[in-house]
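Enquirer: Structure incoming, see below.
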Amino acid sequence: MEQQELSQKELARLAIDMLHRTMVHHVFWFKEVEHQMGFEKALEMMGMAYEKSLGIQLNRLGKLLGFKLVDGIPEPLLNMPQEKLVGLIEGLGLNWLAGDGVWFQTVEAKCGMLDAKRCNDSCWAWFSPFEAWSIKRLLSLPEQPGIEGLKKALEMRLYAKINVQSIINEDPGSIIFQMNNCRVQAARKSKGMDDYPCKSAGLVECTTFARAIDSRIKTECLGCPPDTHPDEWFCAWRFSIE
């Protein structure tokens, strides 16, 4: 079928699908480089490819959609009222969480809870160090930013924009991180359901994230479902450098 034979709706759907294909192709490139050359090398190469590719794609979209770039950022984002930009960031976080949940539920429906949890935990083993790497670049953190660097990074996670969390300073080399309100667990609680037993994923997630921020950081779980926990938090973690 020629593109000129497609309806307006069909063309619009094609455009959205092409965006999805582009994102997945980006991931496949990363995974293959990781397979061939290792995770650290793949991150290094992705950093280089991402910066170059992003500039090319935003410039082309800017010409097509009629927006300018200012220091590589679409001008409409810079001109957006701050409360709307904050709302956009929260919406992006919620979309990420929804996508994560849809994947889990899809695998659970097809293969059962055990396989869904196994895939979920393994996914976090990849995503957490990647997110740490991405945040370190965004904040221009040094290779070993210490506990102070970790505190800054925790405030920039996708979770930080949609959940309620807090950080308690124990001493210069140690903090306690609490997830005071988790959307997933809060939703289950509102329906009278038990906590989702997320400790296995949390151990992978928190340990790999902290280690990717600074390889010297140790992670200790103070409580995470199915552990019992006080009303003021769903999970709590101690991060320290000896």
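Enquirer: With the other protein chains left in place, how much accessible area per residue, in square angstrom, belongs to the chain at a 1.4 angstrom probe?
Expert: 65 Å²
Enquirer: Let me ask something else about it. Return the calculated 222 nm mean residue ellipticity for the chain, to the nearest 500 deg cm²/dmol, obtained by summing -39500 (n - 2.57) across DSSP H runs with n ≥ 4 and dividing by the residue count. Don't jump to the answer; show the numbers that get you there.
Expert: On the way: 8 runs with 151 residues, N = 242.
Calculated from helices alone, the mean residue ellipticity at 222 nm is -21500 deg cm²/dmol.
Enquirer: Another question, if that's okay. If you line up the Cα atoms of region 124-204 on their principal axes, what length do they span on each, largest first, in Å?
Expert: Result for region 124-204: principal-axis Cα extents of 45, 29, 22 Å.
Enquirer: In addition: Quick one: compute a quarter of the convex hull surface over the Cα atoms of region 161-219 and quote it in nm².
Expert: It is 4.9 nm².
Enquirer: Once you've got the Cα coordinates, tell me which of Lys9/Lys63; Lys117/Lys199; Lys151/Lys218; Lys84/Lys161 are over 18 Å apart.
Expert: Lys9/Lys63
Enquirer: Among the trypsin sites (Lys or Arg not before Pro) within region 19-108, which fall in a DSSP loop and have no more than 13 other Cβ atoms within 10 Å of their own Cβ?
Expert: Passing sites in region 19-108 are Lys68.
Enquirer: Could you look at the chain and say what percent of its accessible area is carbon and sulfur, using a 1.4 Å probe and all protein chains?
Expert: Carbon and sulfur atoms account for 59 percent of the accessible area of the chain.
Enquirer: Which of Ile16, Gln165, Ala236 sits closest to the plus end of the dipole of the chain, meaning its Cα is farthest towards the positive end, when Lys and Arg get +1 and Asp and Glu get -1 on the C-beta?
Expert: The residue sitting most towards the positive pole is Ile16.
Enquirer: Rounded to whole Å and ordered largest first, report the semi-axes of the equivalent ellipsoid of the chain derived from its Cα gyration tensor (root of 5λ).
Expert: For the chain, the ellipsoid semi-axes come out as 33, 24, 20 Å.
Enquirer: Which Cys in the chain stand alone, with every other cysteine's Cβ at 4.7 Å or more from theirs?
Expert: Cys111, Cys119, Cys123, Cys182, Cys198, Cys206, Cys221
Enquirer: Continuing with the same structure: Could you report the accessible area of Ile56 in Å², rounded to 10, computed with a 1.4 Å probe on the protein chains as they sit in the structure?
Expert: Rounded to the nearest 10, that gives 90 Å².
Enquirer: On to the next question. Need one number: convex hull volume per residue for region 50-116, Cα atoms only, in Å³. Before the final figure, lay out each step's value.
Expert: Working: hull volume 9.0 nm³, N = 67.
In region 50-116, the Cα convex hull volume per residue is 134 Å³.
Enquirer: Treating the beta-carbon of each Lys and Arg as +1 and of each Asp and Glu as -1, no other charges, what is the dipole magnitude of region 1-61 about its Cα centre, to the nearest 20 debye?
Expert: Around 120 debye, computed over region 1-61.
Enquirer: What residue among Trp103, Trp124, Pro74 has its Cα farthest toward the positive end of the dipole of the chain, where the charges are +1 on Lys, Arg and -1 on Asp, Glu, each on the Cβ?
Expert: Pro74
The values are calculated or read from the model by the stated rules, or taken from the named source; none is laboratory data. Model, not experiment: these values are computed from the prediction. Backbone-built Cβ (ideal geometry, glycine too); neighbour counts: all protein chains shown. All accessible areas refer to the heavy atoms of the entire protein, side chains included, with ligands and DNA or RNA removed. Shrake-Rupley method; radii C 1.70, N 1.55, O 1.52, S 1.80 Å.
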